Amino acid sequence: MSAPRRDYGYWIGFLVVVGLLGAAPLVLPPFWGRFATEILIWGLLAMSSDILIGYTGMVSFGHSVFFGLGMYGAAAALLSVKPPNLWVTLVYGLVGAAVVAAFVAYFATRLRDIYFSITTLVFSQIFYVIIFTWTEVTGGENGLSFSQPPLSFLGLYSARFTSTTLHWFVLAVVVVSFLLLRRITQSPFGKVLQSIRENEPRTRAIGYSVERYKIVAVMLSGLFAGLSGILYALQNKFAAPDFVFFVISGEVVIFNVMGGMGTLVGPVAGAAFFFLLREGLSRYFTEYYLIPVGIIFTAMVIFMPQGILGFLKRRLNA
């Protein structure tokens, strides 16, 4: 199949999926409509981590920090800025995540392989403890509750979010984020990241400043992770230290492995599969649902090492 025809089919499929996701809250029951919105948010978080895991070859266990700081940045805006403003909320959350991402990137990218992963894990635990114990600012264990800001645009339109409009807003943000990240990964910058993943010493030898590229990759990944945290805060009107705990980072890695690393779309599919699987099994196994989830995940790693997307591509090309 020629490249132009392949691209044409790709974009047709992309538009069909976006159209189906846009129609989801109109045809699904309220619970499943909200569930679809949540999957999109977690999919964005998984997509952001794919910049590191799939494209740069750096496994991060600190993505919960960026996600959580996005939530708490949004909470700070909604509790301090009157009247609440959606765009100010976005700015607060993104700045909070970006500052922390720059701090983590400066230190963590000086290390490689498992040492980088452990360093990001340490940072996630440090920020978790700070948020958990700084009760006066973060609410501690109880977290922070707040109201949703209105959906506004340039002062010309303002209305309260409904479950449907929130879903469409989240979908729009995720689609724009995907297009931006796709453009970045296909740019010369993205090619250098992939070169670092494949052979870091050779990339360094031909003159690229590997550390600088890694720092930008971590900051970029953290920025979009913070954006997903903002969206989660808008949906749930709540921020809690549990979302900064390293378990969230571990789940994000699972999303990438299940869906297919280095694809952007794969981690979103992995997040959807994981949450649907967990929701279905928890209805039958209650508190023991993680046992069959773990067995299925292990089987996928053994028999589908390229993830769902890689498996489907291989089957279609067979």
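The values are calculated or read from the model by the stated rules, or taken from the named source; none is laboratory data. For clarity, every value in this text was computed on a predicted model and none was experimentally measured. All Cβ positions, glycine included, derive from the backbone under ideal geometry; neighbour counts span all protein chains shown.
Answer yes if at least one residue in the stretch 213-235 is under 30 Å from Tyr106 (Cα atoms) and of a type in the set (D, E, K, R), and no otherwise. Yes, the stretch 213-235 contains a residue that is under 30 Å from Tyr106 (Cα atoms) and of a type in the set (D, E, K, R).
Residue count for the stretch 285-300 satisfying the condition of being modelled with pLDDT of 80 or more and either of a type in the set (Phe, Trp, Tyr) or part of a loop (DSSP other than H, G, I, E, B) (or both): 1.
Looking at this structure, is Ser60 of a type in the set (Ser, Thr, Tyr), at pLDDT below 90 and within 30 Å of Phe116 (Cα to Cα)? In short, yes.
Total residues in the stretch 128-144 satisfying the condition of being surrounded by 13 or more Cβ atoms within 10 Å (Cβ to Cβ) and at pLDDT 90 or above: the figure is 4.
Please go through the stretch 233-242 and give me each residue that is of a type outside the set (D, E, K, R) and within 16 Å of Leu79 (Cα to Cα), ordered by number. Listed by number, the residues that qualify are Ala233, Leu234, Gln235, Asn236, Phe238, Ala239, Ala240.
Just one of the numbered conditions (1) at pLDDT below 90; (2) out of contact with any Lys or Arg (no Cβ under 6 Å at 6 or more places or on another chain); (3) closer than 24 Å to Leu45 by Cα is not true of Arg183: (1). Is it the case that the stretch 41-54 has a residue that's surrounded by 19 or more Cβ atoms within 10 Å (Cβ to Cβ), among the acidic types (Asp, Glu) and under 21 Å from Arg183 (Cα atoms)? Scanning the stretch 41-54 turns up at least one residue that is surrounded by 19 or more Cβ atoms within 10 Å (Cβ to Cβ), among the acidic types (Asp, Glu) and under 21 Å from Arg183 (Cα atoms). If the condition is being more than 12 Å from the chain's Cα centre (by Cα) and either under 30 Å from Ile296 (Cβ atoms) or acidic (Asp, Glu) (or both), then the stretch 198-237 contributes Glu198, Glu200, Glu211, Gln235, Asn236.
Of the residues that make up the stretch 286-294, is at least one closer than 22 Å to Met58 by Cβ and either of a type in the set (Phe, Trp, Tyr) or touching a residue at least 24 places away in the same chain (Cβ under 8 Å) (or both)? No, there is no match, as no residue in the stretch 286-294 is closer than 22 Å to Met58 by Cβ and either of a type in the set (Phe, Trp, Tyr) or touching a residue at least 24 places away in the same chain (Cβ under 8 Å) (or both). Of the residues screened, Thr286 is not one that is farther than 26 Å from Val137 by Cβ, within 16 Å of the chain's Cα centre (by Cα) and not aliphatic (A, V, I, L, M). Within the stretch 197-218, the residues that satisfy the criterion of being of a type in the set (A, V, I, L, M, F, W, C) and buried (at least 21 other Cβ atoms within 10 Å of the Cβ) are Ala217, Val218.
Can you find a residue that is modelled with pLDDT of 90 or more, surrounded by 21 or more Cβ atoms within 10 Å (Cβ to Cβ) and of a type in the set (Ser, Thr, Tyr) anywhere in the stretch 63-71? Scanning the stretch 63-71 turns up at least one residue that is modelled with pLDDT of 90 or more, surrounded by 21 or more Cβ atoms within 10 Å (Cβ to Cβ) and of a type in the set (Ser, Thr, Tyr). The C-beta contact set for the stretch 109-120 (first residue closer than 14 Å to Arg197 by Cβ and at pLDDT 85 or above, second residue of a type in the set (S, T, N, Q) and surrounded by 15 or more Cβ atoms within 10 Å (Cβ to Cβ), distance under 8 angstrom, 6+ apart or interchain) comprises Phe116/Ser60; Phe116/Thr109. Among the residues of the stretch 168-178, those that are surrounded by 15 or more Cβ atoms within 10 Å (Cβ to Cβ) and within 21 Å of Gly266 (Cα to Cα) comprise Val170, Leu171, Val173, Val174, Val175, Ser177, Phe178.
Answer yes or no as to whether Leu45 is part of a helix (DSSP H, G or I) and closer than 25 Å to Ser145 by Cβ. When the stated conditions are applied, Leu45 passes them.
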